Amino acid sequence: MIAVNGLVKVYKGVTVLNIPELNIARGESFGLVGNNGAGKTTLFRMILDLVLPLEGEVLLQNENVRQSENWKQFTGSYLDEGFLIDYLTPNEYFNFIGSLHGLHKAEVAERLRKFSDFFNDEILDKPKYIRDLSKGNQNKVGIAAALLIEPQLLILDEPFANLDPTTQIRLKNLLRELKEKRQLTMLISSHDLNHVTEVCDRIVILNKGQLVDDIRTSADTLKELEAYFAV
Ligand SMILES: Nc1ncnc2c1ncn2[C@@H]1O[C@H](COP(=O)(O)OP(=O)(O)OP(=O)(O)O)[C@@H](O)[C@H]1O
């Protein structure tokens, strides 16, 4: 599903990402962990063609993201509030995203029904602009919009950040369900080692732009990760 080949990013003479090779199979739930500045967001941005690499390429379903638009139809993503449109209400925003994918308002409303627990009655049908929502509720809008298009590939940057404990648990359940029922391929970054081990079957550690470990999640993974980061 995803092939990263010889990907290098340099800012002001400093190499912030250098990944010779990384392959992620269809249906894999892939967690990316690493300390601040490790390069997690930079990698996600290059996968989504939001940042130009110095060298290398990213292929999504065998097509280079820089040369094809096809991947946009099957990829749902939310990295930060920059993905939202501040002057719309959540309903208007969901309808806009739906329209880009050929969905009518009724289909959008139907698809949003499964997020009612996740939204906790704070998002839909409220006369509030996205800019006036709390940070956590803005995240909920972004995550739901990424899922609204029923993507084959989902990319979320620190999705658990700013969510209350109840919503974190609901999001984990939602992601696990999507993985099992729809064979969704997921890329998730998180600073919370518990969440990432609960949701992902494969976890990669990024350190100063380099992949330093690639772990199949097992009962020992949380301890392994805690040992790695306890320095
Ligand atoms: N536009 C930019 N200009 C200069 N340096 C940048 C730019 N974007 C990212 N960087 C640098 O690239 C490195 C990797 O940043 P990145 O945001 O990818 O890390 P991260 O692993 O997502 O960190 P965090 O966990 O803090 O979100 C950092 O040193 C950061 O300062």
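Values in this text are rule-based calculations from the coordinates and carry no lab data. These numbers come from a predicted model, not from an experiment. All Cβ positions, even for glycine, are placed from backbone atoms using ideal geometry, and neighbour counts span all protein chains on display.
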> Tilt of helix 135-148 relative to the longest C-alpha principal axis of the chain, in degrees (0 to 90, nearest 10)?
Replying inline: 90
> Which entries in the list LYS12/LYS223; LYS179/LYS223; LYS114/LYS135 go over 31 Å, if you measure between the two C-alpha atoms of each?
Replying inline: LYS12/LYS223
> Among the aspartates and glutamates, which have Cα under 12 Å from the Cα of LYS126 when same-chain residues fewer than 8 positions away are ignored?
Replying inline: GLU92
> Considering the zone a paramagnetic label at VAL8 would reach in this model (a point 7 Å from Cα along the Cα-to-Cβ line), which residues of segment 14-32 have amide N under 14 Å from it?
Replying inline: 14-21
>> What do you get for the angle between helix 90-100 and the principal long axis of the chain? Use alpha-carbon atoms, 0 to 90 degrees, nearest ten.
In response: 70
>> Please state the shape class of segment 1-68: rounded when a/c is under 1.5, otherwise prolate if a/b exceeds b/c and oblate if not, all from the C-alpha gyration tensor.
In response: oblate
>> Per-residue counts of other Cβ atoms within 10 Å, averaged by peptide: what ranking do you get for 133-139, 216-222, highest first?
In response: 133-139, 216-222
> Normalised by the number of residues in the chain, what is the relative contact order in percent for Cα pairs under 8 Å and 6+ residues apart?
Replying inline: 28
> With no solvent and one point per C-alpha, what does the Debye sum give as log10 I(q)/I(0) for segment 2-229 at q = 0.13, 0.15, 0.18 Å⁻¹?
Replying inline: -0.78, -1.03, -1.42
>> Test of understanding: what is the full-extension gain from LEU222 to ASN207, defined as 0.36 nm times their sequence separation minus their Cα-Cα distance?
In response: 3.6 nm
> Taking a ≥ b ≥ c as the square roots of the eigenvalues of the Cα gyration tensor of segment 67-175, is the shape rounded (a/c under 1.5), prolate (a/b larger than b/c) or oblate?
Replying inline: rounded
>> Which one, LYS12, LYS208, LYS126, has the greatest fluctuation when you compute a Gaussian network model over the chain with C-alpha springs under 10 angstrom?
In response: LYS12
